Amino acid sequence: KTRQANAGLDFGFFDNRISGSADFYIQNTTDLLLERQLPNASGFSSIVENIGSTRNKGVEVSLRGVVIDNPKHKFKWVNQLTFTRNKEEIVSLYNGKVDDIGNRWFIGYPVNTFFDNEKIGIFQNDNKDKDLITQYNSNGGTFAVGEIKIRDKDGNGKIDALDRVILGSAVPKWYGSINSTLEFEGFDFSILVFARQGQMINNDQSLLYEGRNNWLKVDYWTPTNPTNAFPKPVSGRRGPLFGGTLAYQDGSFVRIRNISLGYRLPESFQKRLRTSNFRIYVAALNPVLFTNFRGIDPEGSPGIATPSVRTFMGGVNITF
């Protein structure tokens, strides 16, 4: 069951040279269907129940500006900006306002939240890290120089499940776009840029560089390359210690979604061709991506999957 309240504002200034809208909303959902884990001794691994209450609140803004409008020289430049910010949070669960660590559900955080040990670097060949390794290993650890260094949240010198922390969420903090179009004489140009910021991705591809999946090129640690990115490879090992921590990555990106350039023939030529519209164009879809994400594509292929397609094309639009 969902209840939602919205408040909106439409505005325009300077004969609508600047116009737009702003919408504010809050959405409360109760009896949310969630898949809750069960002890394996019960014979079932999970059960779907109406156990959740969540809240979404945010703002959506759209702004359009006519920068230049000169009919005499047939020159027009228009920019349109969109911005969306949404906060998703769990309000309560089956046991009230109490976190469910086993299912990784936390009050005040989105349903899809990442909760795990945190990688803070790679153990280096220095006295400070060697002393830390000795401390961890005296409490049951098997760490070594070149292995992943894990954050000791409770400071007891022992790395275990109690050191897990909330790392982030798959829900972006905000996303938006800007679309710019220009028209001059018979030419037209447009570019659309889209951004999504603040979401985390669990990229399982980051684990495929060692053992039986030795095919991904990474900046791993060696005595002559003391990096903090990836641990040292070990012959015959399926994966590094605490290797799952490598998968959590910042999935923020900025992508040029579309670029197009066209030319419409003058009316005098179109009369000879007996057409009402004759336009030649070239276009590119998803040509450029800016991101620090180490995988293939933070939008189309956050793991091992087909990435977003990059397309280049040209054509002619003819209307008789």
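State whether one or more residues within region 198-209 are at pLDDT below 90, among the small types (Gly, Ala, Ser) and not in a loop (DSSP other than H, G, I, E, B). Looking through region 198-209, at least one residue is at pLDDT below 90, among the small types (Gly, Ala, Ser) and not in a loop (DSSP other than H, G, I, E, B). Taken together, the criteria place ASN117 among residues that are buried (at least 16 other Cβ atoms within 10 Å of the Cβ), within 25 Å of the chain's Cα centre (by Cα) and under 30 Å from ASN40 (Cα atoms).
Please determine, by comparing only the residues of region 266-297 that are aromatic (Phe, Trp, Tyr) and open to solvent by less than 80 Å² (accessible area, probe 1.4 Å), which one is farthest from PHE312 (Cα to Cα). Selected residue: PHE293. Within region 62-83, is there a residue that is touching a residue at least 24 places away in the same chain (Cβ under 8 Å) and within 30 Å of ARG36 (Cα to Cα)? Checked region 62-83: no residue is touching a residue at least 24 places away in the same chain (Cβ under 8 Å) and within 30 Å of ARG36 (Cα to Cα).
Please go through region 256-265 and give me each residue that is open to solvent by 30 Å² or more (accessible area, probe 1.4 Å) and not hydrophobic (A, V, I, L, M, F, W, C), ordered by number. Don't jump to the end; show me each part of the working.
Of all residues in region 256-265, those open to solvent by 30 Å² or more (accessible area, probe 1.4 Å) come to 257-259, 261, 263-265.
Answer for region 256-265, where residues must be open to solvent by 30 Å² or more (accessible area, probe 1.4 Å) and not hydrophobic (A, V, I, L, M, F, W, C): ARG257, ASN258, TYR263, ARG264.
Among the aromatic types (Phe, Trp, Tyr) and closer than 28 Å to SER180 by Cα - does that describe any residue in region 264-277? Looking through region 264-277, none of the residues is among the aromatic types (Phe, Trp, Tyr) and closer than 28 Å to SER180 by Cα.
Considering only region 31-60, how many residues are open to solvent by 80 Å² or more (accessible area, probe 1.4 Å), more than 26 Å from the chain's Cα centre (by Cα) and free of Cβ contacts under 8 Å to residues at least 40 places away in the same chain? The total comes to 6.
The set of residues in region 288-297 that are at pLDDT below 90 and either assigned to a loop (DSSP other than H, G, I, E, B) or in contact with a helix residue (DSSP H, G or I) (Cβ under 9 Å, 6 or more places away or on another chain) (or both) comprises PHE293, ARG294, GLY295, ILE296.
Residue-wise test of (1) part of a strand (DSSP E or B); (2) under 30 Å from ASP163 (Cα atoms); (3) of a type in the set (S, T, N, Q).
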position: PRO240; (1), (2), (3): no, yes, no
position: ARG255; (1), (2), (3): yes, no, no
position: LYS271; (1), (2), (3): no, no, no
position: THR275; (1), (2), (3): no, no, yes
position: TYR281; (1), (2), (3): yes, no, no
position: ASN286; (1), (2), (3): yes, no, yes
position: SER308; (1), (2), (3): no, no, yes
position: GLY314; (1), (2), (3): yes, no, no
position: ILE318; (1), (2), (3): yes, no, no
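Listed here are the residues, each with its yes/no results for (1) loosely packed, with under 15 Cβ neighbours inside 10 Å; (2) within 31 Å of the chain's Cα centre (by Cα); (3) closer than 30 Å to ASP250 by Cβ.
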| residue | (1), (2), (3) |
| --- | --- |
| LYS72 | yes, no, no |
| ASN86 | no, yes, yes |
| LYS97 | yes, yes, yes |
| GLY102 | yes, yes, yes |
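Among what's in region 120-155 and is in a loop (DSSP other than H, G, I, E, B), acidic (Asp, Glu) and exposed (fewer than 14 other Cβ atoms within 10 Å of the Cβ), pick the residue that is nearest to the chain's Cα centre (by Cα). By that ranking, first place goes to ASP154. Checking each residue in region 156-170 for being assigned to a loop (DSSP other than H, G, I, E, B) and either closer than 18 Å to ASN127 by Cα or out of contact with any strand residue (DSSP E or B) (no Cβ under 9 Å at 6 or more places or on another chain) (or both) picks out ASN156, GLY157, LYS158, ASP160.
Contact annotation: residue pairs with Cβ atoms under 9 Å, 6 or more positions apart or on different chains, pairing a residue in region 216-229 that is outside any loop (DSSP other than H, G, I, E, B) and open to solvent by 40 Å² or more (accessible area, probe 1.4 Å) with a partner that is charged (D, E, K, R) and at pLDDT below 95, are TYR220/GLU210; TYR220/LYS232; ASN225/ASP219.
The values are calculated or read from the model by the stated rules, or taken from the named source; none is laboratory data. All values reported here derive from a predicted model rather than from experimental measurement. Neighbour counts run over all protein chains shown; Cβ positions are idealised from the backbone, glycine included. Please note that ligands, DNA and RNA were not included when accessible areas were found on the heavy atoms of the full protein model with its side chains. Shrake-Rupley method; radii C 1.70, N 1.55, O 1.52, S 1.80 Å.
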